[in-house]
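The values are calculated or read from the model by the stated rules, or taken from the named source; none is laboratory data. Given the structure is predicted, the values throughout are model-derived calculations rather than measurements. Methodologically, a virtual Cβ is constructed for each residue, glycine included, from the backbone with ideal geometry; neighbour enumeration extends over all protein chains shown.
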Amino acid sequence: MNSDITPDLEAGRDVVIGVDIGGTFTDCAIVFPDGNAVAGKTPTTPQNRAVGFFDSITDAAAQLGLSLDDVLGRCSLLIHGTTTGTNALIERRGARTGLITTSGHRDITLIMKAEGRLAGVDGGMIWDIAHTDKPEPIVARSLGAVAREVGVRKVIVPVLHMASAWSAYGATVADVIHVAERWENHRMPAAPAVLATALAELEDDVRRKLAAEGFTDDKIEVERSVRMKYTAQLHNIEVPLAGITLDDDGIARLGEEFAQLYDDLHGKGSGYRAGGVTVTGFIVRGKGVTPRPQPAQAAPATGLRELSRPVYWSEFGEWRETPVLKISAGRIDGEITGPALIELPDTVVVVRPGQVATFDSLGNLVLEIEQPDPARRPPAER
């Protein structure tokens with residue numbers, strides 16, 4: 001790393017920035033076209049990792065006498081990596097997680113591809129397999145559920161051959177979001193004018209950025225919120241300000257909204273109200289609404305073949321001759337009532353007894369799931 005670099009502020013976008021957010025520190029490297037680089041390091045900010053992210057770039061830029069905006073203005077590529085997700089998995093301190101699966105796949109994380117007991121184990125331990133243990137699954141079996149048992153009523157199978165393309169399509173039509181934040185502490189009941197001024201300044205910031213990107217006022221939507229915590233406790237939560245006017249009555253309502261949200265998230269009575277409440281920050285999200293292109297409508301199905309074969313259905317407790325529809329492309333009009341199998345080029349969709357499948361106008365397969373009868377569930381799952 002070399003900080004003896006004379007910055008060329010007239011240069012174009014020729015700087016590469018890399019940021020790595022670790023559990024303790026966030027590191028940044030700024031690389032210039034000639035191969036010279038400068039590094040920055042700041043503490044990671046778990047309450048909002050974006051703060052440490054930009055602080056690390058600011059720290060590196062300051063060594064060259066540049067501001068954050070100077071460096072970002074020259075950035076041609078920004079690469080971001082983090083161990084946050086890995087750390088959460090290893091330390092088992094993430095949110096309590098459930099797994100919703102299709103029928104027959106509830107135990108997929110317990111099976112671990114049949115290799116979980118030996119995955120990552122050194123050769124010596126493999127020979128002593130009796131003294132090894134299977135890793136504890138990330139999702140306990142008790143937290144796994146079949147989709148229809150937890151109330152899922154509809155499943156959509158994307159257009160043939162298009163599952164991966166939908167993600168890219170979504171990125172191209174996604175709205176543009178700018179988020180402005182400010183971290184300040186204000187004990188409740190806070191002065192309405194102080195909160196209103198801070199939020200107005202942040203809103204001006206996001207509106208200015210969206211306007212610079214070509215969005216007119218009628219295409220800009222703004223959401224405002226504050227972060228709050230019980231003063232004597234750690235957890236702070238975001239409280240939306242939709243419908244709240246920042247006057248004395250609004251401040252009182254804000255306190256009530258915070259208390260209700262806190263109870264919903266952490267359990268009724270878990271907040272230490274006697275210690276007071278503090279506003280810890282302000283957040284304004286500005287959204288530039290992009291045009292929504294109209295996707296092409298799906299053509300009638302091609303390569304359609306109607307076959308049948310025997311299938312064992314647990315609902316009936318026996319084998320039954322079952323319709324099989326083979327489709328190469330396109331859609332079928334009308335309803336497909338289960339039991340039935342729909343063979344697509346890249347998957348087979350099982351329409352169980354009581355379920356109904358239809359194709360929408362885009363060619364997506366929509367499966368309506370019958371809600372289960374609790375009396376038919378195994379006793380252990382009731």
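Of the residues L241, L246, L202, L210, which is closer than 23 Å to P46 by Cα and assigned by TED's automatic domain parsing to the domain that holds P189?
L202
Select from segment 307-359 the residues that are without any contact (Cβ under 8 Å) to a residue 24 or more places away in the chain and outside any strand (DSSP E or B) and write down the one among them that is nearest to Q297 (Cα to Cα).
Among those residues, the one meeting the criterion is E335.
Based on this model, can you work out whether I237 counts as buried (at least 16 other Cβ atoms within 10 Å of the Cβ), outside any helix (DSSP H, G or I) and touching a strand residue (DSSP E or B) at 6+ places or on another chain (Cβ under 6 Å)?
So I237 fails the test.
So, in segment 251-290, of the ones that are free of Cβ contacts under 8 Å to residues at least 12 places away in the same chain and assigned to a loop (DSSP other than H, G, I, E, B), which residue ends up surrounded by the most Cβ atoms within 10 Å (Cβ to Cβ)?
S270
Each row is one residue, and each column tells you yes or no for (1) at pLDDT 90 or above; (2) over 30 Å from G151 (Cβ atoms).
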| site | (1), (2) |
| --- | --- |
| L9 | no, yes |
| I17 | yes, yes |
| D20 | yes, yes |
| D27 | yes, yes |
| F53 | yes, yes |
| L64 | no, yes |
| G73 | no, yes |
| A88 | no, no |
| R92 | no, no |
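For segment 62-102, give me each residue that is in contact with a strand residue (DSSP E or B) (Cβ under 7 Å, 6 or more places away or on another chain) and part of a helix (DSSP H, G or I).
The answer is V71, R74, T84.
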